[in-house]
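The values are calculated or read from the model by the stated rules, or taken from the named source; none is laboratory data. This structure is a prediction, so every number in the text was calculated from the model and none was measured. All Cβ positions, even for glycine, are placed from backbone atoms using ideal geometry, and neighbour counts span all protein chains on display.
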Amino acid sequence: MLFNPAIMALIMVSVIVSAMLLIAAGFSIQVLHGWDINSGSESQLSLERRTYLISTLLTWVFASELVSLMLFIYNAESMSGQFVGAMCATGVLNVNAWGWPTLFLKIMVFFMGAVWLAVNYLDNQGFDYPLIKTKYWLLLLVVPLVLLESFVQLRYFLGLNPDVITSCCGALFSTDAEGVAAEISGLPPATALPLLYGTGLIMMLSGAWFLLRRNGGLFFAASGGVAFVAALVGIVSVVSLYIYEHPHHHCPFCILKPGHDHAGYALYIPLFIATALAFASGVMGIWREIPSLTDVVEREVPRLAWISMLLFVLFFAVATAAVWRSNLIMESVWW
């Protein structure tokens, strides 16, 4: 299994990213202990020059993590025919105990990377680098998570055994099964749909308040995160049923297949980007009062918030269209 091109690429990216982040972590410690913007010493000038190099390096690192997340899901989907019992990515992730943790860690790294890039961009716009220590403290929190992700992913790939009979999505995402996936699948549409649209409405209202009042950024970011979770729950519990036109098929991965017009991509891509931008804009808004950052915050934060809200609207439009156009009729739907 390790000689699968996609797996080899994922492992290579993981090794390179881990190495780069360890280098960046060493630089972070130097900055945290030796940075003094008021100093004209040689060491300070060296830190200032190197921080641009490290920032560029980390931009590529977190961009690679985004590609890694997409490739990991694509690879899991494409390998479904190599395992007995697997019909989609769910079965491949179920081959051993490391599959789902790898996916969840990649999602966490993606969002934390987006926040770090936002803070880094904001800091680079200030002539006095007001967030230099903040962003490198944040980086030191991200590094262990990325190293853990690399370790868990490697354990997952090393544990892939084609002789293992895995469980399909019908067994995991079933109302008769046990576990979190079964609980989400068993959520009735009359509960799931109000939760989906209600959290979306709260997110939009908090975004409007954030744009008009120029405060409440953290609440906007938090509401975006809640809306993201509710959206995933809504996809599994009800939206997927209408895409499949089957009242018992709850898989969140089969909607990526061409047989369902790749509907999953139209749902997941705007959802993930919108959530990342909500986190980024909400966090950036914290530092509006710093004089050297006021102008850039006033310029960039509303733009990111608007894009986030528009992408959330796109997600809800696609989800609503999937339900509205479906031939499936469920009596328990609240409308």
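Quick rundown of the values:
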{"quantity": "Flag for G170 being in contact with a helix residue (DSSP H, G or I) (Cβ under 8 Å, 6 or more places away or on another chain), over 25 Å from S68 (Cα atoms) and at pLDDT below 95", "calculated": "no"}
{"quantity": "The listed residue being in contact (Cβ under 8 Å) with a residue 24 or more places away in the chain and farther than 30 Å from I7 by Cβ, out of L196, L212, L160", "calculated": "L196"}
{"quantity": "Filter pass, Y121 being more than 18 Å from the chain's Cα centre (by Cα), within 30 Å of E298 (Cβ to Cβ) and surrounded by 15 or more Cβ atoms within 10 Å (Cβ to Cβ)", "calculated": "yes"}
{"quantity": "Helices (runs of 4 or more DSSP H) fully within the stretch 187-264 counting 1 or more residues that are closer than 16 Å to W306 by Cα and in the same structural domain as A305 (by TED's automatic domain parsing)", "calculated": "189-213, 217-234"}
{"quantity": "Answer from G81, G113, G40, G34 - the residue that is outside the structural domain of R303 (by TED's automatic domain parsing) and buried (at least 21 other Cβ atoms within 10 Å of the Cβ)", "calculated": "G113"}
{"quantity": "Out of G225, G217, G234, sole residue that is surrounded by fewer than 20 Cβ atoms within 10 Å (Cβ to Cβ), touching a residue at least 24 places away in the same chain (Cβ under 8 Å) and within 21 Å of the chain's Cα centre (by Cα)", "calculated": "G225"}
{"quantity": "Selected residue [assigned by TED's automatic domain parsing to the domain that holds L103, of a type outside the set (K, R) and surrounded by 15 or more Cβ atoms within 10 Å (Cβ to Cβ)] from A6, A24", "calculated": "A24"}
{"quantity": "Of residues in the stretch 286-302 being more than 14 Å from Q125 (Cβ to Cβ) and not charged (D, E, K, R), the one surrounded by the most Cβ atoms within 10 Å (Cβ to Cβ)", "calculated": "I286"}
{"quantity": "Residues located in the stretch 185-217, provided they are over 16 Å from L271 (Cα atoms) and of a type in the set (S, T, Y)", "calculated": "S185, T191, S206"}
{"quantity": "Which listed residue, of V142, V180, V239, V164, is crowded, with 18+ Cβ neighbours inside 10 Å and farther than 28 Å from R303 by Cα", "calculated": "V239"}
{"quantity": "Residues located in the stretch 259-292, provided they are more than 26 Å from Y197 (Cα to Cα) and in contact (Cβ under 8 Å) with a residue 12 or more places away in the chain", "calculated": "M284, I286, W287, R288, I290, S292"}
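Yes or no, residue by residue, for (1) surrounded by fewer than 20 Cβ atoms within 10 Å (Cβ to Cβ); (2) farther than 24 Å from F110 by Cα; (3) in contact with an Asp or Glu (Cβ under 9 Å, 6 or more places away or on another chain):
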site: I29; (1), (2), (3): yes, no, no
site: R49; (1), (2), (3): yes, yes, no
site: L57; (1), (2), (3): yes, no, no
site: Y74; (1), (2), (3): yes, no, no
site: T90; (1), (2), (3): no, no, no
